[in-house]
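Asks: To start, I am sharing the structure in question, which I have written as structure tokens.
Taken together, the values in this text are just the output of simple stated rules run on the coordinates, not laboratory data. All figures in this text were calculated on a predicted structure; none of them were measured in a lab. All Cβ positions, glycine included, derive from the backbone under ideal geometry; neighbour counts span all protein chains shown.
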Amino acid sequence: MNTEVMTQAQPQKAQALAITNFDSLLRVSEFLAQSSLIPVSLRQKPADVAIVLSQGQELGLGPMQSLNGIEVIQGRPTIKPEMALALIRARIPDAVIRIEKATESEAIVYMARSHNDEEQGNGYRAHWTLAKARLMGLMGKDNYKKQPGTMLRWRAVGEAARTMFSDILKGLYVEGEIERETKDVNSEVVNKGARLEQKLMGNEFQETSSELLPEDVQSEQGELSESNPQAGGLSEDIDPSVESTATDSDDPLAQFIIPVGSLQGKTLAEVGATHLAEITTGIREHVKLQRKELTGEWLLFVSRAEDYIQSQQI
């Protein structure tokens, strides 16, 4: 008798949070938003809960899986790297997922859709280091201070997962790619970087990639150029010669000549790693936010600059 009662009750529990239409979505969202057992960022926010549950349904997740694996950051549903990894393994059993290095200062993660793809070189290797995290303004965050190795590993997982399995993740950003709406070190670096690259690179970058920059940065271009037209608006607080290491003539990377912008003809060493870090970080972040891509000589410049920056961190 007890067994019969239990078997009858179990389906009722399974149906308790069933979402079959919009009304049931609202009902479940209102109920869950009152709970203290869901993430703090979703409490008393039924609309956000509804978005998370809807996004989770599209990924094939149940309500509780969605709440544990998806967050709303700056108005965008964002999946946690742990959940992204679980989805990939569940949907593509033959996927190649390999953690090649995991230390407290470096993480390398390799992913490919199959062993055949790996053999053909159609995989992706994500490489994260403390130097890279520092340049991105992440080292001021508590998690990076307390468990840097874990955070580097998950950032590498997220980068590789979104690159190789965007169809599985339905185009969602992975947690960490979008910063929360707080004024932290990273936001300051990005904003400063945007202005620095605007000042240093001058009108050519403005003309070719103005859509990548915030309106307030674009509006400053005229004033900056007028203040020093010979340097594309290079102001006195940004002096590339301050950190010059051009005497390192034996380093071919340091002597790489910038091929574009008003700094064309200068070497990376003449600009200096600190200024280059701010410039490239600003460019990368704005490109990412606008879902654009760097190409041609701008991509060459940014890539070489980042290699040089990393070499100076060693």
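Asks: What's the center-to-center distance, using Cα atoms, between the stretch 116-165 and the stretch 31-50 in Å?
Replies: One Cα centre to the other: 30 Å.
Asks: Beyond 32 Å between alpha-carbons counts as too far, so tell me which of K45/K146; K80/K266; K45/K132 fall in that bin. Spell out each step's value before the answer.
Replies: Numbers: K45/K146 30 Å; K80/K266 42 Å; K45/K132 35 Å.
Among K45/K146; K80/K266; K45/K132, the Cα-Cα distance tops 32 Å for K80/K266; K45/K132.
Asks: Next question. Under the Kirkwood approximation applied to all pairs of distinct alpha-carbon atoms, what is the hydrodynamic radius of the stretch 83-174 in Å?
Replies: Taking every pair of different Cα atoms in the stretch 83-174, averaging 1/r and inverting gives 13.6 Å.
Asks: Given Cβ point charges of +1 (Lys, Arg) and -1 (Asp, Glu) and nothing else, what value in debye, to the nearest 20, does the dipole of the stretch 83-174 about its Cα centre take?
Replies: 420
Asks: Continuing with the same structure: How do R284, R98 rank when sorted from fewest to most other Cβ atoms within 10 Å of their own Cβ?
Replies: R98, R284
Asks: Restricting attention to the stretch 126-166, which chymotrypsin sites (Phe, Trp or Tyr not before Pro) occupy a DSSP loop and are surrounded by at most 14 other Cβ atoms within 10 Å? Write out the running numbers ahead of the final one.
Replies: Working: sites: W128, Y144, W154, F165; in loops: F165.
Hits after loop and neighbour filter: nothing returned.
Asks: Pulled fully out, how much extra length does the chain show between K145 and L37, if you take 0.36 nm times their separation in residues and subtract their Cα-Cα distance?
Replies: 36.2 nm
Asks: Related question: Farthest toward the dipole's positive end in the stretch 83-160, which of V157, M139, A95, given Cβ charges of +1 (Lys, Arg) and -1 (Asp, Glu) about the Cα centre?
Replies: Working it through, the farthest residue towards the positive pole turns out to be M139.
Asks: Something else now. Can you bin the stretch 21-73 into rounded, prolate or oblate? Criterion: square roots of the alpha carbon gyration tensor eigenvalues sorted a ≥ b ≥ c, rounded for a/c under 1.5, prolate for a/b above b/c, oblate for the rest.
Replies: oblate
Asks: List the residues whose amide H sits under 5 Å from the amide H of V72, counting only those 5 or more places along or on another chain, with H placed 1.01 Å from N in the peptide plane.
Replies: Those lying under 5 Å, H to H, from V72 are T78.
Asks: Per residue of the stretch 137-151, what does 6.51 cos²θ - 1.76 cosθ + 1.60 with θ = phi - 60° give for ³J(HN,Hα)? Whole Hz please, x for Gly and Pro, Karplus curve as stated.
Replies: Along the stretch 137-151, the couplings run x, 8, 6, x, 7, 4, 4, 6, 6, 7, 9, x, x, 5, 5 Hz.
Asks: Moving on to the next point. Expected output is a single nm value to one decimal: the length gained when fully extending between S24 and D117, i.e. 0.36 nm times separation in residues minus the C-alpha distance. What is it?
Replies: 29.2 nm
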